[in-house]
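Participant: What follows is a structure written as structure tokens; I'll ask about it next.
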Amino acid sequence: MNTKNNHRYQDMDIFMKAAMLELMQTTPFEKITVKSVCQKAGVNRGTFYYHYTDMNGMLTQLEEYLTEELLQRVEEFRQREDCGSLFLPYLDYINEHKYAYKVILSSQNILPIKKGFRPLFEYFILPQCQTYKITDENEITYYNIYFQSGITMVLRHWIENGCEKSRKDMNRILINCIPAIR
């Protein structure tokens, strides 16, 4: 029996997500069908519907997958690189999957990286709050919301423009956008 803990179930899920990502590079999301995903992944329709309710359900799960994979890359980067360039793994990952993020933005208006902001919050915002002796959790939450909203809108603009600016330019721009808490 296929369950979410079963390796075959997990493999089929990965195949279908990979197929979806590949299709999204050349085909508008609204034209991607269950049949095309199944053909690309080499699975039958029953397998698709065992995993997802429909194409929108698949997109939702794909968002979650992208977020988890992004967090893993950010953590690997933090362990081996200077955190002054902490935006680079975000920029690299988003650029690599820009077609998926563009589709997600067209249907939701927000980037699905809210959980992915934790490392940025811990590196940029929390130390500034500590420096200025801001200990009120509610106030820190406001700074975090402001930070997330600004970064999200900058990334959104970058994605909508085809990620044309280089990752180094974008890293510099994002670093300069970080609010100074005073």
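The values are calculated or read from the model by the stated rules, or taken from the named source; none is laboratory data. Everything numeric here is computed off the predicted structure, so don't read it as measured data. FYI the Cβ positions are ideal-geometry reconstructions off the backbone, even for glycines, and counts take in every protein chain you see. To get the accessible areas, we keep the full protein, side chains included, count just its heavy atoms, and leave off ligands, DNA and RNA. Shrake-Rupley method; radii C 1.70, N 1.55, O 1.52, S 1.80 Å.
Participant: Once every DSSP H run of n ≥ 4 in the chain is given -39500 (n - 2.57) and the sum is divided by its residues, what mean residue ellipticity at 222 nm do you get, rounded to the nearest 500 deg cm²/dmol?
Facilitator: -21000 deg cm²/dmol
Participant: Related question: Between 0 and 90 degrees, rounded to the nearest ten: what's the tilt of helix 7-24 against the longest Cα principal axis of the chain?
Facilitator: 80
Participant: Could you provide, to the nearest whole Å², the per residue accessible area of the chain with probe 1.4 Å?
Facilitator: For the chain, the solvent-accessible area averages 58 Å² per residue.
Participant: Let me ask something else. Where the accessible area of the chain is counted over protein heavy atoms with a 1.4 Å probe, how much of it, in %, is carbon and sulfur?
Facilitator: 50
Participant: On to the next question. How high is the relative contact order of the stretch 42-182, in percent, counting Cα pairs under 8 Å that sit 6 or more residues apart?
Facilitator: After rounding, I find 28 percent.
Participant: Let me ask something else. Can you give me the angle between helix 137-160 and the longest principal axis of the chain, using Cα atoms only, in degrees from 0 to 90, rounded to the nearest 10?
Facilitator: 60
Participant: Just give me a number: lysine pairs in the stretch 1-148, eight or more positions apart or cross-chain, with C-alpha atoms less than 29 Å apart.
Facilitator: Lysine pairs satisfying the spacing and distance rule in the stretch 1-148 number 29.
Participant: Tell me which of Gly46, Ile94, Cys129 sits at the most positive position along the dipole axis of the stretch 12-140, charges placed on C-beta atoms (Lys, Arg +1; Asp, Glu -1).
Facilitator: Toward the positive end, the furthest listed residue is Gly46.
Participant: Using a simple spin-label model with points 7 Å from Cα along the Cα→Cβ vector, what separation in nm is obtained for Asp169 and Tyr50?
Facilitator: 4.8
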